[in-house]
Amino acid sequence: MLSIAKHIFTCFPRHNLHLSNNLNHQLIFHSMNNQPEVQTESETHVHYNHTHPSKFPRWTARESFQFMYARPWLRVNDFYFNIVRGNLSLPLLFGKETLLDHNELAALSDKSELESVAAEDRSGRWARTTFKIVLSYHGGSFDGWQKQPGLNTVQSIIEGSLGKFVDEKKTQLLKDKGLPIEGCAVVAGRTDKGVTGLQQVCSFYTWKKDVKPRDIEDAINHAAPGKLRVISISEVSRIFHPNFSAKWRRYLYIFPLVDGGYRDQSSDNGEFCDGVKYNEIHDFAGKDELENEKKSYVFSVSKVNHLLRKLEGRLLSYKMFARDTKASRNDGPPTECFVYHARAMEARLPATDHGEETKVMCVELVANRFLRKMVRVLVATSIREAAAGAEDDALIKLMDATCRRATAPPAPPDGLCLVDVGYTEFDPQKCFILAE
């Protein structure tokens, strides 16, 4: 078995991430023997050298980054865009005629509580009306969910649209403070820039008496036509919370398989495909060294599936797969997630106007919760481990790593979408990828 020795590579700015020749900072990677960090004129960083057994040396962070980004993500982006607009549906990838029936998994709605108090008799805290809003939005058209100054975010558009439904007392309060008249939308899970939401869930409450679901729907749909669309709006109990009431979340990642840089799922005999156009590592000082190491830049979809399946039915700490989390959240329950479903399969995007189909790998993940960028890191790391020919429990072993650099950098956000959020117990038969 081979392990990784020292690697020298160069990192480059995100805005020039495709095969840049103008590289500014040199990173020195070394093994886990706690040797002093080598100082150079440029900034240096220590990289965790993951040495679990594998058939081929693992990619460095830079190699993984290039492999992930040098792909036709525009085709995936267009597919998501057409789903949001209602022109296509997700089951087209999986050969199903209709989308999973998420209506029966709709929001937690305490109807008995609502019905026990007639609308005209409500007072105090019961007088307010809470609406559950299910949304579809195209990730490539927004700067993420969370409202931020000067950015075009989904939350800012939603809350601006809800301003006309805010009750008089709050309206006056906002005016007195010189703030815009906006509603407050609580969401099931904030998505990053570039990540699509197909059935994102948020809620809004008001003490205004004459608000109708259809009025809210029209206001939101007119805010960003073609990029943001309301799936449904319903009145729910005031105890409903999109995040805390949720029992599980479902994410799908679509990864383009171009020019053969993978092995067919049905054939796991170790024979590599020929094309490597989108899987080469180009134009940097260590290329000759990497060729001598004989790294593999093809992977089996079946192997990725085997790696992910090991996560099912386990409550584990995913701190090694999280990004941008505070140090205080690195230990204990805040990093633990229970994965209900983790599968991968090969599929095809619908043909374009020019008759072209795109082979893709679909990764479906369902868990009670997900950490920051956890899905994207899981996808990238599982592909890296599959290409290296690692053992099937490689992802489990990575849980015990002591440095987050043991996992791969996050895969591009373009391939990720939040499919839906569940408020009843998870049903393993209601998934897109059921094959063993």
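Restricted to the stretch 378-397, and to residues there that are of a type outside the set (G, A, S) and surrounded by 23 or more Cβ atoms within 10 Å (Cβ to Cβ), the residue that is farthest from D78 (Cα to Cα) is L395.
Could you go through the stretch 145-161 and let me know if any residue there is within 21 Å of A127 (Cβ to Cβ) and not assigned by TED's automatic domain parsing to the domain that holds V339. Among the residues of the stretch 145-161, not one is within 21 Å of A127 (Cβ to Cβ) and not assigned by TED's automatic domain parsing to the domain that holds V339, which makes the answer no.
Only a single item in (1) touching a Cys at 6+ places or on another chain (Cβ under 9 Å); (2) surrounded by 22 or more Cβ atoms within 10 Å (Cβ to Cβ) is not met by V375, and it is number (1).
Condition check ((1) in contact with a Leu (Cβ under 6 Å, 6 or more places away or on another chain); (2) under 16 Å from V84 (Cα atoms); (3) in contact (Cβ under 8 Å) with a residue 40 or more places away in the chain) across all residues:
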site: K212; (1), (2), (3): no, no, no
site: N221; (1), (2), (3): no, yes, no
site: A224; (1), (2), (3): no, yes, yes
site: I231; (1), (2), (3): no, yes, yes
site: S237; (1), (2), (3): yes, no, yes
site: H241; (1), (2), (3): no, no, yes
site: R250; (1), (2), (3): no, no, yes
site: I254; (1), (2), (3): no, yes, yes
site: L257; (1), (2), (3): no, no, yes
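Based on this model, can you work out whether F244 counts as within 26 Å of the chain's Cα centre (by Cα) and farther than 25 Å from L90 by Cβ? Taking the combined requirement at face value, the residue satisfies it. For the stretch 195-205, the condition of being outside any strand (DSSP E or B), at pLDDT 95 or above and under 30 Å from M345 (Cβ atoms) holds for at least one residue. Does F165 count as assigned by TED's automatic domain parsing to the domain that holds V134, closer than 30 Å to F79 by Cα, modelled with pLDDT under 95 and touching a strand residue (DSSP E or B) at 6+ places or on another chain (Cβ under 6 Å)? No, not satisfied.
The values are calculated or read from the model by the stated rules, or taken from the named source; none is laboratory data. Just so you know, these numbers come straight off a predicted model, no measurement behind them. Using ideal geometry, Cβ is built from the backbone for each residue, glycine included, and neighbour counts are taken over all protein chains shown.
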